[in-house]
Amino acid sequence: MVKALSRSTADYTRETKSDIQRLPRNIDPALHPLERAREYKRALNAAKLERMFAKPFLASLSGHIDGIYSMAKNPWDLDQIITGSGDGELRIWSLESQETMWRAPAAHRGIVRGVCN
């Protein structure tokens, strides 16, 4: 007598590319004694991540053409920060009014990789 393993391709193939891949699961608690603790830890981590990213969005400082690659705060005036962008521009911002106080459009020829306070 010969025994062969067989499975239907319908159980493992997706109908469209956006469908989730089906995987067989063995949910017998005798085979997975730590499953409950593992699921608890996953749920706890998900709740922590959700709380971490749930902070309210305060404001955006728009004005740079390219992305910001460097940023520093003014140690004597906490209302001001300086940013450097990928197009070589430097800007000093007022956080209270959320506006540019000073700008140097061609401070560098390329990316501003660092600013000092």
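Taken together, the values in this text are just the output of simple stated rules run on the coordinates, not laboratory data. Note that the structure is predicted; figures quoted are calculated from it, not measured. FYI the Cβ positions are ideal-geometry reconstructions off the backbone, even for glycines, and counts take in every protein chain you see.
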Region 64-105: Rg to Rh, with Rh as the Kirkwood radius over Cα pairs: 0.96
Mind checking Rg over Rh on the chain, alpha carbons, Kirkwood formula for Rh? 1.34
Return the distance in nm (one decimal) between the two label points of a simple spin-label model at residue 99 and residue 40, each offset 7 Å from Cα along Cα→Cβ. 5.6 nm
Please sort by residue number the chymotrypsin sites (Phe, Trp or Tyr not before Pro) in region 8-109 whose DSSP state is loop and whose Cβ has at most 16 other Cβ atoms within 10 Å. 12, 53, 57, 76
Skipping prolines and chain starts, which residues have an amide H placed within reach, meaning under 5 Å, of the one on residue 115, given they are 5 or more residues away or on another chain? 71
Residue by residue, what Karplus-based ³J(HN,Hα) values in Hz, rounded to whole numbers, does region 80-89 have, using 6.51, -1.76 and 1.60 with θ = phi - 60° and x for Gly and Pro? 10, 9, 10, 10, x, 10, x, 8, x, 8
Counting only DSSP loop positions in region 13-117, the GluC sites (Glu not before Pro) whose Cβ has at most 15 other Cβ atoms within 10 Å are 15, 96
By how many nm would the segment from residue 70 to residue 6 lengthen if fully extended, with 0.36 nm per residue of separation less the alpha-carbon distance? 17.2 nm
